1. For region 9-34, give me each residue that is more than 14 Å from Leu55 (Cβ to Cβ) and open to solvent by 50 Å² or more (accessible area, probe 1.4 Å).
2. So, Ala22, is that one free of Cβ contacts under 8 Å to residues at least 60 places away in the same chain and touching a strand residue (DSSP E or B) at 6+ places or on another chain (Cβ under 9 Å) or not?
3. Given the residues Leu56, Leu63, Leu75, which is the only one that is at negative phi and open to solvent by less than 50 Å² (accessible area, probe 1.4 Å)?
4. Looking at (1) hydroxyl-bearing (Ser, Thr, Tyr); (2) more than 30 Å from Gly186 (Cβ to Cβ); (3) at pLDDT 90 or above, find the lone condition where Thr85 falls short.
5. Among helices (runs of 4 or more DSSP H) lying entirely in region 157-218, which contain 3 or more residues that are at positive phi and at pLDDT 95 or above?
6. Restricting attention to region 116-150, report how many residues are open to solvent by 30 Å² or more (accessible area, probe 1.4 Å), assigned to a helix (DSSP H, G or I) and either among the charged types (D, E, K, R) or modelled with pLDDT of 70 or more (or both).
7. Which residues, taken from region 154-172, are open to solvent by 30 Å² or more (accessible area, probe 1.4 Å) and either in contact (Cβ under 8 Å) with a residue 24 or more places away in the chain or not aliphatic (A, V, I, L, M) (or both)?
Amino acid sequence: MSGTIRLLLADDEAMIRAGVRAILATDPGIEVVAEAGDGAAAVEAARAHRPDVALLDIRMPRLDGLAAAAEIRRLLPGTATVLLTTFGEDEYVVRALGAGAAGFLLKSGDPRELIAGVRAVAGGGAYLSPRVARRVIELTGARMARVPAARDRTAGLTGREREVLGLVGAGLSNAEIARRLFLTEGTVKSYLTSIFTRLEVRNRVQAAILAYEAGLTG
């Protein structure tokens with residue numbers, strides 16, 4: 001997307017909010033327009049400010065991040081949602097992935113992932129922190145049994161499609177993939193459309209998980 005990304009930040013811990021806000025402030029293209037300390041307040045803030053992205057902690061009082069994200073999507077379909085998580089909240093992550101959530105970021109992750117995730121989701125994509133992706137694969141069980149199936153599913157992709165899928169799994173945005181492979185962003189989007197269709201995945205998150213299972217992320 002062009003222009004400044006307007007963001008709502010919700011977390012019940014003021015120190016976490018301050019840290020996340022400081023990281024986001026390093027990108028002049030992202031502006032935190034509102035903050036909230038619980039899920040219900042986040043929904044009200046989203047209604048009032050109509051942000052491009054709502055960055056929500058999963059565990060919050062009154063309304064958790066999953067419920068808040070669902071309500072924000074219902075009220076404001078144009079607002080993308082990203083959930084902040086820790087490794088101690090595995091059940092939430094798996095449940096939300098099953099519901100087709102757009103993005104997950106680790107509070108303890110690389111600050112660059114936070115900015116990349118916000119930008120990817122604001123641009124209409126989805127983003128899964130690479131460390132979260134690995135954990136999700138472990139949690140969904142029988143990883144070794146899933147590897148051959150994933151490799152079979154991706155075997156029909158062209159070499160370039162496999163490269164693009166591997167970079168999606170590594171957490172790169174469309175712009176970063178384009179620079180890495182010397183392509184235009186439009187060409188990358190075309191590859192992704194083809195990849196999603198051929199693999200029968202709904203979004204970037206599911207594609208990233210499949211890339212990990214198939215061993216395409218290096």
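The values are calculated or read from the model by the stated rules, or taken from the named source; none is laboratory data. Keep in mind that this is a model prediction, so the values were computed, not measured. Neighbour counts run over all protein chains shown; Cβ positions are idealised from the backbone, glycine included. All accessible areas refer to the heavy atoms of the entire protein, side chains included, with ligands and DNA or RNA removed. Shrake-Rupley method; radii C 1.70, N 1.55, O 1.52, S 1.80 Å.
1. First, pick out the residues of region 9-34 that are more than 14 Å from Leu55 (Cβ to Cβ): 14-15, 26, 28-29.
Once the filter is applied, which keeps residues that are more than 14 Å from Leu55 (Cβ to Cβ) and open to solvent by 50 Å² or more (accessible area, probe 1.4 Å), region 9-34 yields Ala14, Met15, Thr26, Pro28.
2. The answer is no for Ala22.
3. Sole residue among the options that is at negative phi and open to solvent by less than 50 Å² (accessible area, probe 1.4 Å): Leu56.
4. Of the numbered conditions (1) hydroxyl-bearing (Ser, Thr, Tyr); (2) more than 30 Å from Gly186 (Cβ to Cβ); (3) at pLDDT 90 or above, the odd one out for Thr85 is (3).
5. In region 157-218, there are no helices (runs of 4 or more DSSP H) which contain 3 or more residues that are at positive phi and at pLDDT 95 or above.
6. Residues in region 116-150 being open to solvent by 30 Å² or more (accessible area, probe 1.4 Å), assigned to a helix (DSSP H, G or I) and either among the charged types (D, E, K, R) or modelled with pLDDT of 70 or more (or both): 9 in total.
7. Once the filter is applied, which keeps residues that are open to solvent by 30 Å² or more (accessible area, probe 1.4 Å) and either in contact (Cβ under 8 Å) with a residue 24 or more places away in the chain or not aliphatic (A, V, I, L, M) (or both), region 154-172 yields Gly156, Thr158, Gly159, Arg160, Arg162, Glu163, Ala170.
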